[in-house]
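Take a look at the structure below.
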Amino acid sequence: MKNKFSKLISAILVLLVVTLSASMLLACNPTKKEEERRERDRRARLDSVVIVENVFLNSVNDKWSVDLDNSQLIELDGKDNFDAADYIVALGWTQFVGDLLINSSLQTGKLQALAEVAQSEDGKALIENFSENAELILPLFKRVDFTPTDISGLVYDLLCALASESGQVFDGIIAKAGEISAQARNSPATYQRMSVVIAEMGDAKNKFVPTTAERDEMLAAFEEAKGPMNALVEFVYNMSVGAIDEDLFETLLGGDGALAGISNSEIITLIGTLRENVADLKNALAGDAVADLNGAFDLIINKFDGAASSVLYAQIVQYAKTAYMLVDAIPFMCDLAYSAGEVFMQETLLDQFKAGVGKDLNEYAQFANASIITAKIVMKVTETFSKDDFEKLIADLYEQSMGDYRKSVPLVAVDLMLNLSHIIGQLDKDDLGDVSAVHPNLDRDTLGQLINTLMMLFDNSFEKFKAAYDAYLIDIADGRVDDGTYGALRSAASFFNSFGIENKIDINSDTKAWAEWYINNAPREINKIVDANNGKVKDDIFAFIGDFYAENSEVKATVAQLANMPLVSDSISESEYKQYMSLSVNGRIVGLISLIYSGK
Amino acid sequence: MFKLALRNITSKPLRAVATVLAIAVAVAMIFAMLSFSPSVYEYIYSTQTATSGKSDIVISTNSSSDRVIDSLTSPIENLKDENGESLIEYVVPTLSLYALFNGEYVQMRGFKRGQSEILQNIYMNRELEKGIDENESNIIISKAAADKFGLDLGDSVMLALGAQNATFYVCAIAENSGYFLDDAPFLFIGRIEWVSRLLSGVSTKYICNEIYIKVQSGADVDALVDKISAMPQYSQMLVQRTGDSGYIKEQADSLSAPVVLAGAAVLALGVAVIVLLFMMSESEKVSLIAKYGIVGATKKQILGMFLTESVLLACVGAVLGSALAVGVFTAILKLTLSPDIVFGISVWRLFGAAVIGFFSAIISSVLPIMRAFKGTIRQNQIDVKPQSKVKRILCPIMIAITAVSLAIEFAVPAATAVMAVVSLVLALATLGVCLAPAMRLSAKTFEKLSVPSAKVAAVNMQRDGRFARSVMMLGVGMTVSMMLFMAWAMTKSVFSDYISNFSDMIFVTNVQATVDTEQFTNTEGVTYATKIVWKQGSLKGVGFDKTMNILGSKDALDLVDFGYVTEREDIEKLLNTNYSNGTSDENLPYVFLDKALNVLYGVNVGDMLTLEMDGKTAEVVVGGMLDHKLFSGNYIVVSDELINKLFAIAPDTVVLKAQGDMNAIVNGLRARFANNNYYVVDVLTAYKWDMQSTDAVFDLVGTLAVVVALFIFSVTVVATMVGRGANEKSRSALLNAGMSKRALLCSELYEHGLIALVSYVLAFALSALLTACLIHALRLFGLYFGFMYEAWVVALVGAVMTIGYMVVPVAFNFKRGYNIKKR
């Protein structure tokens, strides 16, 4: 019995051990599987990003790829437009962005999709043109199905990385150039190019890489502005993906999908929900948000402006500048847009839209419809906001613009928009005609300067001048200054003349002093001119507002007449078109029409 | 005294262990039966409220309303009572769309950021660091969906809906619980922002097609439903209570009714088992009491000692039984219903089961003592007890009473349901009373056999009271087991048979009321299409208020193969009444009901009843009676035009009939109408979830039947062993008298065989009657069915138990315990 008992106990013990071992094995298995999945994921992220990097490098030069070693670079340098110096700079920044993508919160599937799109013919074309037109990145993002959160996350990560890790990129490029130099003793040209890279990157590093204190200040500012910045980026991306436009109506009325045979009330619901995105943005920009954004943009512009060594810097700075110019006005613009959105929530308009869907309208008809909708928007907005509201906005914009010409953009743009009708009316003539007849507060020269101001800001004239001066300095260092160099400098400085800024230094006697005079003094001079103009601009806009809100206002009556017209559902003749144009010009909404339809 | 009691227990370890185990098993059985119905309710509640979770009210779209609404819920959130206190706890808008993934339907449900776990908890099996709140294109899928589509964390999922498509990424794989209890079609949970892209290609977080509302506790939900319905933005929408607990209770009660009835018998049997078990060692105890009496122990001391012993055994048994009950019952629930639902264990029911077990044991242990105190020491020493006169006439009396009860049950329809329960109890009691005399009678016949061991067995069985208790326990246990299995077969037959009627039918839902049915009949394989209002409503009449399935179509008679109590022509004529000008004395609002309502509640043609749909009520007139098992008789056939007139509800479903390969036809329809967001599904698949739910309950019933039968059988065997343990002396005497071990074993085999056969014959004979009583008793639960009896089920269960009990002497190797030296 005892024997049997001990056998039983032994059997139970063995069973226990086996069960425990099996349980442990089973328990360990998921962990191992999870590790394997993570490894697969890591590998997939890396592979995808390498593909994107290669496509990007390849778009600049078909011999460029991420895996060229130093000896290959020395061998290829100088042949068939292969510039090893350009390559290592491009590689440094490409890998900087690549690392950012790898470490981002983007799902691996999205990186794979990005790689797929980048490899496609369309994708390659988009990437090839990226350096000329950064806007092309949006179609690329859309094709990958990036979400607004993805984009805002990437933008934020990129800004933080530029503030905290850009020094490593310069160091990496310098180290790589050093390695190549060491191996290129028998290739003087390559050696020379590498020496230039090392010098340039050293300078750029000193100039653009934030110090520890600057970095901390920038990171703190970014953190502070993170919420509103994300909201702004997400809104812009979201609107670029799906705005209330004809495409949306065509999709909705196309008779397909979950909302096939969509009713007017369903369209109104949908538009109403899109309108709420605008309200969201306004809420996100409440309180100190605009000041936080201004602070962050200001730091970016001040630190990175002129970093010619990287397209990335240039684009970031460009976006920051645009945002900096407009950010103060955004909350009110949100209010306006929210109010304007209501126009599309009227059943009669929707019925008229439906009547025109699927028809290939000619340009005249398209303009007629654009003018009618714009007129409706103007009427709606002026019903919603009082004369005082507008005057307060203009006064605020005027206040903000004083002392910083960059901030004058909203004010100038509003005035130009109102004046565009007059300019259109003068198109057949050689000049702007008698502006003061329509705009007593403006003269022809002021109007010209307003146009110059906007062109200077949107054309980056000042940045282009600085870039031309940087090129001149490089040419000097390379000993290859010629007439072309001076010609480029003079051309870049021509916009100063249109402002009437006089530089007493002669370009030929002391080019550096001449250029640096502009760099150091032109902003102050432009500020003086713009400040002086802004007063006139403000008065001009006030006059328009007063006129529009006046009893028996002719302008308002004209706009109302246009707003009450039905949309056209068939193509129209030129003579009919002229009627619409005439009403638009007299209603002074041509500028608005072009603003609203600028994306088309 | 405590030491003496302890010594008594340890001196017979087998008996002590067996007693404890029997009490434990009985407690577990009682608990399982007490908890069955609440568990089924919990299960059905969890599955029915998988989508709506903890919310109280849902606003949703319907076939005649807009398909989307904005999710700006502040008007609802701002609802306040007269004191200015908020009536709303939270509001959760969601956007649910059917989209195609790899050619298969999935349900994509979008929440606002941070709201996905407000209605239900999501238990993650595996997840990535960033969830759906971190990125709008992330989704959570169930383990079942991951297995089905071969998806893993991080995988991309491209969904298409018409011309729109959007890519999502799996960020988590969740357990099949919560929302995922309703995972047919497979549910993907994401964010409204990205789901909305499937609507128009535009991302917006302010759109939805369902709004779930949780009201503050104490607020009047119905009043709030009315208030919200009156809001202009929701006036066209469907505003209703979520998780209709009344309907869920009806459903749970229907499913659990047969087992609840059989469970009452199990409960009684549990108590009886404990009593009989203690009675098994009655002779031994009486004899022991006599010995204590001889040595001078007082009655108080004897009572104290035996009570201490019983309390110890009962305590251990009750505690062990409680543990066993929780463990076994929870395991069975998880195994059969759902491993993903956390079933609540009621402490009160557990306590109740333990108390019943404990006190049954204590009271049972006192019975032999009382008997011993009545007799003299001599009588107790030789264990002679005078035969009770009552016992001799008890059997015929019980048979007579039962017969009377049955006669009333069958003859008086109004009393059928109540008398069925009485008859059920009486029949079981009569069986219990008659089993022992029947066994003695059989033994007497057996005695005439010339085989010595059979003779010995026959004599023993007539003399020894323990055999009477064994046959009683086995016979009643066998009958109860048969009833449980019968209940299982009956439930399965009643609740799933009618689904087969739908094998050639296809549902097209998510359609607008204006949909043209011709577009469907133009599809290959589709022979018939009709618009129908297929939803639930509540029917009220005298003595009843039932949730009914509405078949709102003039063509409803063509859809299901009904039996006709009222002539079909008459029903058709009334069903096609023209209601375009509303109802009038000439155009009465006719509905057509199952005859079950006539049997259960006396509803007749021409009666006026109240029908409630979507919160509106209307008087309707019974136009005719049908006969079908459909929805257990809980259906109403009515004209869609009438529904529209009375309740402003337009058809929301197109029912198609098809011939040929259903899969191919369904896929063809999906491909053809993929752009319209129609949800096309064959009816069997549409009811798959309901079938799975009811199947799970059937599995639970079946498993419980098996487990209870095993418990009953085990306890009977244990009780037999305990009783047999007290008779070791007589076996030794037989061996001493020259009986061989083999002959003694044969004798014991004869004993077991006879007990088993008598039990089987009587149980089998009674089973048909008990089944009839069970079916009649179900009317108490609002269920009416014709008589159904699966003889093979009953025969098989009885046969297995009979054979099992017959082979006990061999299986437990009784021969090894035969010892001639023992005296």
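The values are calculated or read from the model by the stated rules, or taken from the named source; none is laboratory data. Because the structure is predicted, anything quoted here is derived from the model rather than measured. Every residue, glycine as well, gets a Cβ built from its backbone with ideal geometry; the counts of neighbours run over all protein chains shown. Each accessible area value is taken on the protein alone, full model and side chains, heavy atoms only, with ligands, DNA and RNA left out. Shrake-Rupley method; radii C 1.70, N 1.55, O 1.52, S 1.80 Å.
Once the stretch A:194-235 is narrowed to residues that are crowded, with 17+ Cβ neighbours inside 10 Å and without any contact (Cβ under 8 Å) to a residue 40 or more places away in the chain, the residue that is farthest from the chain's Cα centre (by Cα) is A:198. Every condition in (1) free of Cβ contacts under 8 Å to residues at least 12 places away in the same chain; (2) crowded, with 16+ Cβ neighbours inside 10 Å is met by residue B:98 except one, and the failing one is (1).
If you check B:563, B:552, B:525, B:541, which single one turns out to be within 15 Å of residue B:647 (Cβ to Cβ) and modelled with pLDDT of 85 or more? Outline the logic, then answer.
Values: B:563 fails: within 15 Å of residue B:647 (Cβ to Cβ); B:525 fails: within 15 Å of residue B:647 (Cβ to Cβ); B:541 fails: within 15 Å of residue B:647 (Cβ to Cβ).
Within the list B:563, B:552, B:525, B:541, the selection yields B:552.
Taking every residue in the stretch A:542-565 that is closer than 13 Å to residue A:580 by Cα and among the β-branched types (Val, Ile, Thr) and pairing it with any residue that is open to solvent by 10 Å² or more (accessible area, probe 1.4 Å) and not in a loop (DSSP other than H, G, I, E, B), at least 6 positions away or on another chain, the pairs with Cβ-Cβ distances below 7 Å are A:558/A:583; A:558/A:586; A:559/A:378; A:559/A:379. Looking at the structure I just gave you, is residue A:125 buried (at least 19 other Cβ atoms within 10 Å of the Cβ) and either away from chain B (no Cβ under 14 Å) or part of a helix (DSSP H, G or I) (or both)? In short, no. The helices (runs of 4 or more DSSP H) located wholly in the stretch A:312-427 that include 1 or more residues which are open to solvent by less than 50 Å² (accessible area, probe 1.4 Å) and farther than 26 Å from residue A:540 by Cβ occupy A:330-341, A:347-356, A:363-384.
Of the residues B:133, B:183, the single one that is open to solvent by 10 Å² or more (accessible area, probe 1.4 Å), within 14 Å of chain A (Cβ to nearest Cβ) and not small (Gly, Ala, Ser) is B:133. Summed over the stretch A:341-373, the residues that are of a type in the set (S, T, N, Q) and in contact with a Ser or Thr (Cβ under 8 Å, 6 or more places away or on another chain) give a count of 3.
Looking only at residues in the stretch A:443-470 that are small (Gly, Ala, Ser) and modelled with pLDDT of 80 or more, the one that is surrounded by the most Cβ atoms within 10 Å (Cβ to Cβ) is A:461. Scanning the stretch B:322-367 for residues that are among the small types (Gly, Ala, Ser), within 20 Å of residue B:37 (Cα to Cα) and open to solvent by less than 50 Å² (accessible area, probe 1.4 Å) yields B:322, B:325, B:327, B:338, B:344, B:346, B:352, B:353, B:354. Residue B:43 meets all of the listed conditions (1) touching a Ser or Thr at 6+ places or on another chain (Cβ under 8 Å); (2) assigned to a loop (DSSP other than H, G, I, E, B) but one, namely (2).
Somewhere in the stretch B:263-282, is a residue of a type in the set (D, E, K, R), on the phi < 0 side of the Ramachandran plot, open to solvent by 40 Å² or more (accessible area, probe 1.4 Å) and in contact with a Gly (Cβ under 9 Å, 6 or more places away or on another chain)? No, because not a single residue in the stretch B:263-282 is of a type in the set (D, E, K, R), on the phi < 0 side of the Ramachandran plot, open to solvent by 40 Å² or more (accessible area, probe 1.4 Å) and in contact with a Gly (Cβ under 9 Å, 6 or more places away or on another chain). Note on the stretch A:259-280: residues that are within 21 Å of residue A:236 (Cβ to Cβ), more than 7 Å from chain B (Cβ to nearest Cβ) and not acidic (Asp, Glu) amount to 4. Candidates are the residues of the stretch B:221-261 that are surrounded by 15 or more Cβ atoms within 10 Å (Cβ to Cβ) and among the charged types (D, E, K, R); the one that is nearest to residue B:29 (Cα to Cα) is B:253.
With respect to residue A:487, determine if the residue is open to solvent by less than 60 Å² (accessible area, probe 1.4 Å) and under 30 Å from residue A:341 (Cβ atoms). No.
Quick check, is residue B:92 within 11 Å of chain A (Cβ to nearest Cβ) and either modelled with pLDDT of 90 or more or open to solvent by less than 60 Å² (accessible area, probe 1.4 Å) (or both)?
Values: within 11 Å of chain A (Cβ to nearest Cβ): no; either modelled with pLDDT of 90 or more or open to solvent by less than 60 Å² (accessible area, probe 1.4 Å) (or both): yes.
Considered against the rule, which asks whether it is within 11 Å of chain A (Cβ to nearest Cβ) and either modelled with pLDDT of 90 or more or open to solvent by less than 60 Å² (accessible area, probe 1.4 Å) (or both), residue B:92 comes out as no.
Take the residues in the stretch B:61-89 that are among the β-branched types (Val, Ile, Thr) and closer than 26 Å to residue B:203 by Cβ, then tell me which one is most open to solvent (accessible area, probe 1.4 Å).
The residue in question is B:61.
Entry remark, the stretch A:476-521: residues being under 14 Å from residue A:461 (Cβ atoms), not aliphatic (A, V, I, L, M) and not in a loop (DSSP other than H, G, I, E, B) number 8 in total. The stretch B:730-823 holds helices (runs of 4 or more DSSP H) entirely within its bounds, and those carrying 1 or more residues that are in contact (Cβ under 8 Å) with a residue 24 or more places away in the chain, aliphatic (A, V, I, L, M) and under 22 Å from residue B:425 (Cβ atoms) map to B:741-777, B:791-806. Only a single item in (1) touching a helix residue (DSSP H, G or I) at 6+ places or on another chain (Cβ under 6 Å); (2) under 30 Å from residue A:38 (Cβ atoms); (3) not acidic (Asp, Glu) is not met by residue A:129, and it is number (2). Condition (residue is under 34 Å from the mean Cα position of the chain (by Cα), within 12 Å of another protein chain (Cβ to nearest Cβ) and crowded, with 24+ Cβ neighbours inside 10 Å) applied to the stretch B:104-121: is it met by at least one residue? Among the residues of the stretch B:104-121, at least one is under 34 Å from the mean Cα position of the chain (by Cα), within 12 Å of another protein chain (Cβ to nearest Cβ) and crowded, with 24+ Cβ neighbours inside 10 Å, which makes the answer yes.
For first residues located in the stretch A:87-112 and at the interface with chain B (Cβ under 10 Å from one of its Cβ atoms) and part of a helix (DSSP H, G or I), partners that are open to solvent by 30 Å² or more (accessible area, probe 1.4 Å) and of a type in the set (Gly, Ala, Ser) and lie 6+ apart or on another chain with Cβ distances below 9 Å form the pairs A:108/B:156; A:109/B:156; A:110/B:156; A:112/B:156. Does the stretch B:571-582 contain at least one residue that is free of Cβ contacts under 8 Å to residues at least 40 places away in the same chain and either closer than 30 Å to residue B:543 by Cα or assigned to a helix (DSSP H, G or I) (or both)? Yes, that holds for at least one residue. Scanning the stretch A:134-155 for residues being within 14 Å of chain B (Cβ to nearest Cβ) and buried (at least 18 other Cβ atoms within 10 Å of the Cβ) gives a total of 12. Checking each residue in the stretch B:139-161 for being within 12 Å of chain A (Cβ to nearest Cβ) and surrounded by 24 or more Cβ atoms within 10 Å (Cβ to Cβ) picks out B:139, B:159, B:161.
If I filter the stretch B:186-220 down to residues being in a loop (DSSP other than H, G, I, E, B) and within 14 Å of another protein chain (Cβ to nearest Cβ), which single residue comes out as surrounded by the most Cβ atoms within 10 Å (Cβ to Cβ)? Before the answer, list the steps.
Step one: of the stretch B:186-220, the residues in a loop (DSSP other than H, G, I, E, B) are B:186, B:196, B:201-206, B:209, B:216-220.
Of the ones still in play, those that are also within 14 Å of another protein chain (Cβ to nearest Cβ) are B:196, B:201-206, B:209.
On the way: B:196: 30, B:201: 19, B:202: 24, B:203: 26, B:204: 25, B:205: 24, B:206: 24, B:209: 22.
Among those that are in a loop (DSSP other than H, G, I, E, B) and within 14 Å of another protein chain (Cβ to nearest Cβ), it is B:196.
Kindly indicate the residue of the stretch A:545-578 that is under 16 Å from residue A:414 (Cβ atoms) and open to solvent by 30 Å² or more (accessible area, probe 1.4 Å) and also modelled with the highest pLDDT among those meeting that condition. So the residue we want is A:549.
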